[in-house]
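Heads up, the thing below is written out as structure tokens.
The values are calculated or read from the model by the stated rules, or taken from the named source; none is laboratory data. As the structure is a prediction and not an experimental result, all values here were calculated from the model. When we count neighbours, we look across all protein chains shown, and the Cβ atoms used for this are built from the backbone with ideal geometry, even at glycine.
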Amino acid sequence: MAKEFNVPPVVFQSSGATPAAVAHQRHTSSAPAFKPSSMLPFMPFDLSSAPASSSFSTPAAHSFNVPAYPSISGSGSGSGSGFFSSFDEEPPLLEELGINTRQIWLKITSILNPFRVNPILHEDADLSGPFLSLMAFGLFQLLAGKFHFGIILGWVTVASLFLYGVFNMLAGRYGNLDLYRCLSLVGYCMIPMVIFSAVSLFMPHSGVPIFVVGAVFVLWSTRVCTRLLIELASCGDEHRWLIAYACWLVYLLFALLVIF
């Protein structure tokens, strides 16, 4: 049999109750009223008597010290004004990644004129422009029903290694062509092949015209790549035709990839 315990009721004094009503309630209850200890702070639960406030506030007995954080906006007074002001001085994301869109555009436009190529623009090698040209070449091939993205990237890598080896063997100990610059030049000189891939979408792939147009774009890429290699790397002028032959073999493979 469970034993019953007499739990004294808890009486909360409201703001609207009078002392006489509280005393009457204490006398009418069967057990003595519970009196809160004076050592512990007691908070009334009558929310209607609390004063309205437009800001968040806590009682004095339970107040917390919240540190004031600086404002997000850069314009302000105090120490918080300069906390976020450096965000306005941050360079763009493309510039932090080393991608100069204006320089890439100037390099591409210089390739479009095979008779007036500016080698000075290609002194600072990069791989962002070649990557865009290779992706565009693969996209036009995809529109033609050929999925050649892996083949394109693999062939460009092998072609860069091939030209790098041929040039440095011809130049000997005085050759200063590095692999990074060679890969950049081969990628930028793929722009005529990109144009040929786009033009081939509107031409029949059987017949003489497609081969004639392909030969023109191959000579275009060969001329541009040969001139950039000779101008930007020393000791290559006396082997111009051998370097041109190596470049012609590289871009001939890409033209055959477009035709067939």
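Listing for the model above:
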item	result
Single unsatisfied condition, Y164 versus (1) under 26 Å from the mean Cα position of the chain (by Cα); (2) under 16 Å from I243 (Cβ atoms); (3) hydroxyl-bearing (S, T, Y)	(1)
Flag if W220 is of a type in the set (F, W, Y), in contact (Cβ under 8 Å) with a residue 12 or more places away in the chain and assigned to a helix (DSSP H, G or I)	yes
The one condition in (1) outside any helix (DSSP H, G or I); (2) surrounded by fewer than 15 Cβ atoms within 10 Å (Cβ to Cβ); (3) at pLDDT below 90 that R173 fails to fulfil	(1)
Sole exception among (1) in a helix (DSSP H, G or I); (2) over 25 Å from the mean Cα position of the chain (by Cα); (3) polar (S, T, N, Q) for N113, by number	(1)
